[in-house]
1. Going by what's in this entry, would ALA103 be described as of a type in the set (Gly, Ala, Ser), within 19 Å of ASP45 (Cα to Cα), at pLDDT below 90 and in contact with a strand residue (DSSP E or B) (Cβ under 7 Å, 6 or more places away or on another chain)?
2. Which residues, counting only those in segment 50-77, are in contact with a Lys or Arg (Cβ under 8 Å, 6 or more places away or on another chain) and either without any contact (Cβ under 8 Å) to a residue 24 or more places away in the chain or not in a strand (DSSP E or B) (or both)?
3. Are there any pairs with C-beta distances below 9 angstrom linking a residue in segment 20-41 that is among the aromatic types (Phe, Trp, Tyr) to a residue that is assigned to a helix (DSSP H, G or I) and modelled with pLDDT under 75, with the two at least 6 apart or on different chains, and if so which?
4. Looking only at segment 61-100, how many residues end up being closer than 13 Å to PRO46 by Cβ, over 11 Å from the mean Cα position of the chain (by Cα) and either exposed (fewer than 13 other Cβ atoms within 10 Å of the Cβ) or modelled with pLDDT of 90 or more (or both)?
5. Of the residues that make up segment 13-29, is at least one at pLDDT 65 or above, part of a helix (DSSP H, G or I) and among the polar types (S, T, N, Q)?
6. Tell me, please, whether a residue that is of a type in the set (Gly, Ala, Ser), under 21 Å from VAL114 (Cα atoms) and more than 15 Å from the chain's Cα centre (by Cα) can be found in segment 45-59.
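The values are calculated or read from the model by the stated rules, or taken from the named source; none is laboratory data. Quantities reported herein were computed from a predicted structural model and do not represent experimental measurements. Cβ sites come from the backbone with ideal geometry, for glycine too, and all protein chains shown count toward neighbours.
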Amino acid sequence: MKSIKLLLLVFAFASSSMTFATNPTEENKKVSIEVSQQIQSLLKDPGFEVEKNMNVTVKFTVNDNNEIVVLSVNSYSNVKQIASFIKDRLNYKKLSTKVQSKAIYILPVKMISVV
């Protein structure tokens, strides 16, 4: 149950704060929401509990095959388990929504402990 609450909170923050490198237009906002939802589904069920609150910043790009390529996962606490989890779940996963390739996207994720 704790994992479910944690995931819901993480996904709420991820979807509300995903930013794209281009100017915000209605089309970009729509694409941002769709990509956020796809990333949320990829990050479901982590299989571990977060011991303390932390902020994680994921930098990624999208290649010509419309696949996510994780460039970096940064957090203040430098927890390798979370970085590995995010990289394993997102790296080279195909997006159904076409986005601009070669641009760098930043996805801030806030992980909240429910303990």
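1. no
2. The answer is ASN53, ASN65, ASN66, VAL70, SER72, VAL73, ASN74, SER77.
3. Taking only residues 6 or more apart or on different chains, the pairs are PHE20/ASN28.
4. Residues in segment 61-100 being closer than 13 Å to PRO46 by Cβ, over 11 Å from the mean Cα position of the chain (by Cα) and either exposed (fewer than 13 other Cβ atoms within 10 Å of the Cβ) or modelled with pLDDT of 90 or more (or both): 3 in total.
5. yes
6. Yes.
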